[in-house]
Structures are given as C-alpha cells and as structure tokens.
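Some notes on the structure that comes next.
The values are calculated or read from the model by the stated rules, or taken from the named source; none is laboratory data. All of these numbers come straight from a predicted model, not from anything done at the bench. Virtual Cβ from ideal backbone geometry, glycine too; neighbours counted across all protein chains shown. Ligands, DNA and RNA are excluded from the accessible area calculation, which covers all protein heavy atoms including side chains. Shrake-Rupley method; radii C 1.70, N 1.55, O 1.52, S 1.80 Å.
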Amino acid sequence: METKMWKTDEQSIKEAAQSILNGEVVAFPTETVYGLGADATNEHAIAKIFQAKGRPADNPLIVHVDAPSQIGRYVQEIPEAAQKLIDHFMPGPFTIILKNNKEITPLVTAGLDSVGIRIPNHPIARAFIQATGKPIAAPSANLSGKPSPTKANHVLEDLKGKISGVIEGGATGVGLESTVVDATGEIPIILRPGNVTLEDIKKIVPSARMNNAIQKQDNQPKSPGMKYNHYEPDAPLYVVHGDSDFFQKQIDLYRKKHYKVGVLASDSLMDELDADQLFPCGENDKEIAAKLYDGLRYFNHTNVDLILAEAFSTDGVGQAIMNRLSKAASDHLYQTK
Ligand code: TXA
Ligand code: MG
C-alpha cells in the first residue's frame, strides 16, 4: 500500500478525512503523540488498526471526539467527579474512562464495559476529527512494543506501506501519551500517568489516587495495556541511578568490554559524561518528556550495543517520564554508597 503524506491545509485534511470515511487508517498529530485513527463505528477499519500495529486484541483503543458535548453519546452516565475532570482537563492530554453504552463496537473497547474518551487540544487533530464527522478510535501510531511517535517520520519508520497516510504536523508538544483516568466510580484512579499529574487532578477532585499497580509495578494490570512490553529501543537499555562519577564508571566498564555505549541524559549531566553516542534531552521535566521517545528512537539509527539512561526525578511530569523509561528498560543499575 502506498502511504501518503498529507500537509495541514484544508484540502489535505479533507482528503485524509475522506480516507477515514473509505474505511482506511490515517496517522495524525495530537499534542501528546501521533495517533493511528480509524472510524470507531466501522469494525473493518478498526481491525486494520490492530493489524497494522500488531496490537493484541485485548488492549482497548481510546475514542477521540472534537467537543465535550460528544462524550454523552457513548457513555451510560457521567458521575459528578468525572464531570469536574472533563470541565478542567478536556480538551487536553487527558483520557477519561467511563461506562460505555454499547454505542462503540466491542472491537474498540476490547469487550470491556467501559470506554476511554479523549479530546485532543491540537488544531490539526480537531480539524481532522471534525472533517470526518465520526468518533475516531486511535492508539499511538507505532508498532506495538515500540516507542510512541512524536514526529511524522517516526510513524513512517514503523508503518510505511501499512497505512493509507500520515498528516505531517511537525513534532508533537507534550511528547508522552495522555494521562488515563478511570472515572467510572466516585474516586478517580490514574491508570497511566502523563502530563496532567496526580497533583493537578487532586486540586479538582481531592480523593483521586494512583492505581496501585503503577506505584508497586506489580502484575495486576487494571489498564489492559499495562501488561505488554512497551517503548523498547533495539539495543537494551539500563537506567542508571547514581551520580555522574558512577554513571561514567558504568560507561567505561561496558566500553572495556568493547560495547558501543549510547547515553540518554539531561543536558547538565551529559556535560560531565563521555560515551560513543549522546542524546541530551533538555533540563526540565517538560523538555525531557518532549524528547524522550525521539531519543529512544535515535539510538536505533546508530551502532550502539547498549543505552544507559539517567534515572530522572519523579517530581511532576517526572513520574510519567520514569513510568515510560522503566517500561523501556531491561535493567536498572544502582549506586551503593
Ligand atoms: O495520548 C494518547 O492517549 C494517545 C493519542 C493518540 O491520543 N493515544 C494512546 O493510545 O496512547 P494507546 O492505545 O497507545 O494507549 C491507550 C491506553 C492503553 O494502555 C489502553 O489499555 C488504555 O489506554 N485503555 C483504553 N481504553 C481503556 C478502558 N476502557 N479501560 C482501561 N484502560 C483503557
Ligand atoms: Mg501506545
């Protein structure tokens, strides 16, 4: 299949939307990561998403709509706490899980009695959804198990020839997938941390909490996606917990064994390190979030045998960054005092 590259002018968006109405899948930019969209009411189109990504059928997709007024069409009820979250965080990098009313095909929801809904806060994403006039089911537009795409090129690396096209909207801003919140009950529960943090949510609904599996990294996934491998670069990745001397010692140790070593770290730590390939990812949590997946993919185009990544702070968006980095990692190296 030829994979088209659409620009973001009105005519191109119209063509991409027509492709959706023809039952095809189209990758499009959002403020978090690129999504791989299809008409959520068309089972054949949804099946193509799972096929193109190699995604397990028991991992449900998020439904994207263009306005809060659309949410009611797909859910049984909106509890009080959920309504507050919708009012404050949508549109935005936020997905709300509510009880579904069976309007959406079970292929999208993986047969669960709930459905995840998101309203992207990205002009191209919104224009595209609007032009289709459909709810758009969309997971991240990567091969299952690979880092999510934050640039159109990342989508092509994984899906060229397998999808009808990509809307080229430049680099996404946030860089990490949306915060997923189960709001089916009275107490909202974060199933996947993101740019909207627990602290942000607690300001609106104080009882909100983190899913235990995220804190303990245990094996009881509440969100079906939690049990699969994620974000893996080609070379093994170790997360290094320690100071710059400890970090350099680890690099030197592997280089002595003739490994080519890549390093992913903040600018300031990078200044103190010497390795074969370097990917500095800025300084604060927002910058690191925006560059993380580009960094993981960068090393696939180098000859490194091993990637050593900084254990970033877990403050603020850092919790989401370390959640993704830990999933990408094969191991952790700890400095002992
Ligand atoms: O930022 C994002 O959320 C991006 C953009 C494209 O919107 N999408 C995205 O989709 O990251 P995906 O499929 O890669 O991740 C969705 C996550 C998965 O972990 C899935 O298991 C979970 O949300 N999920 C979806 N529906 C759910 C439901 N009804 N109950 C629990 N978890 C659900
Ligand atoms: Mg994904």
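The DSSP beta bridges internal to the chain are antiparallel in roughly 35% of cases.
Think of a 1.4 Å ball rolled over the protein heavy atoms: the chain then has 43 Å² of accessible area per residue. Mean separation of Cα pairs under 8 Å and 6+ residues apart, divided by the residue count of the chain: what relative contact order is that in percent? Computed value for the chain: 19 percent relative contact order. Database remark: amide H of H64 closer than 5 angstrom to the amide H of R118, I136, A137, A138 (H placed geometrically; neighbours at sequence offset of 5 or more, or on other chains; Pro and chain starts carry no H). Charge dipole of the chain (Cα centre as origin; +1 on each Lys and Arg Cβ, -1 on each Asp and Glu Cβ, all else neutral): 720 debye, rounded to the nearest 20. Rounded, prolate or oblate: pick one for region 136-278, where a ≥ b ≥ c are the square roots of the eigenvalues of its C-alpha gyration tensor, a/c under 1.5 means rounded, and failing that, prolate if a/b is larger than b/c, else oblate. Oblate, because a/c is 1.5 or more while a/b does not exceed b/c. Note on region 270-337: Rg/Rh from C-alpha atoms, Kirkwood Rh, equals 0.94. Contact order, relative form, for region 265-337: 25 percent (alpha carbon pairs under 8 Å, 6 or more residues apart, mean separation divided by residue count).
Taking N as the residue count of region 1-137, its C-alpha radius of gyration divided by 2.2 N^0.38 Å amounts to 1.01. Of all the accessible heavy-atom surface of region 123-189, with the other protein chains kept in place and a 1.4 Å probe, what percent is carbon and sulfur? Ligands and nucleic acids excluded, carbon and sulfur reach 50 percent. Remark: region 29-82 carries a charge dipole of roughly 280 debye about the Cα centre, counting +1 on each Lys and Arg Cβ and -1 on each Asp and Glu Cβ.
For region 153-211, the set of GluC sites (Glu not before Pro) satisfying both a DSSP loop assignment and a count of at most 11 other C-beta atoms within 10 Å is given as E186. Here the accessible area is traced with a 1.4 Å probe on the protein chains. For region 229-295, carbon and sulfur cover 46 percent of it. Summing charges over neighbours of K102, with a neighbour being any other residue whose Cβ is under 15 Å away from its Cβ, gives -2 when K and R count +1 and D and E count -1. Where the alpha-carbon atoms of region 232-305 are placed on the principal axes, they occupy 35, 26, 17 Å, in descending order. Only DSSP H runs of four or more residues enter the estimate; each adds -39500 (n - 2.57), and after division by the residues of the chain the mean residue ellipticity at 222 nm equals -9000 deg cm²/dmol.
Between amide H atoms placed 1.01 Å from N, distances below 5 Å from T95 occur with T179, V180, V181, all of them 5 or more places distant or on a separate chain. Take the Cα radius of gyration of region 108-151 and divide it by 2.2 N^0.38 Å, N being the number of residues; the result is 1.36. Here region 1-151 is assigned +1 on the Cβ of each Lys and Arg and -1 on the Cβ of each Asp and Glu. Its dipole about the Cα centre then comes out at about 300 debye. Converting phi to 3J(HN,Hα) with the Karplus coefficients 6.51, -1.76 and 1.60 and the offset θ = phi - 60°, region 251-256 yields 4, 5, 4, 6, 5, 4 Hz in sequence order, with x at every glycine or proline.
The value for the chain of Rg(Cα) / (2.2 N^0.38 Å) is 0.99. How big, on average over all directions, is the shadow cast by the Cα convex hull of region 1-71, in nm²? Average projection, Cα convex hull of region 1-71: 5.8 nm².
Only one residue of I307, I20, G282 has its Cα farthest out toward the positive end of the dipole of the chain, where Lys and Arg carry +1 and Asp and Glu -1 on Cβ, and that residue is I20. Whole-Hz Karplus values for region 147-157 come out as x, 5, x, 10, 9, 4, 4, 4, 4, 5, 3 Hz, taken residue by residue from phi with 6.51 cos²θ - 1.76 cosθ + 1.60 and θ = phi - 60°; glycine and proline positions read x.
3J(HN,Hα) along region 328-337, derived from phi through the Karplus expression 6.51 cos²θ - 1.76 cosθ + 1.60 where θ = phi - 60°, amounts to 6, 7, 8, 7, 10, 10, 10, 7, 9, 6 Hz, with x in place of Gly and Pro.
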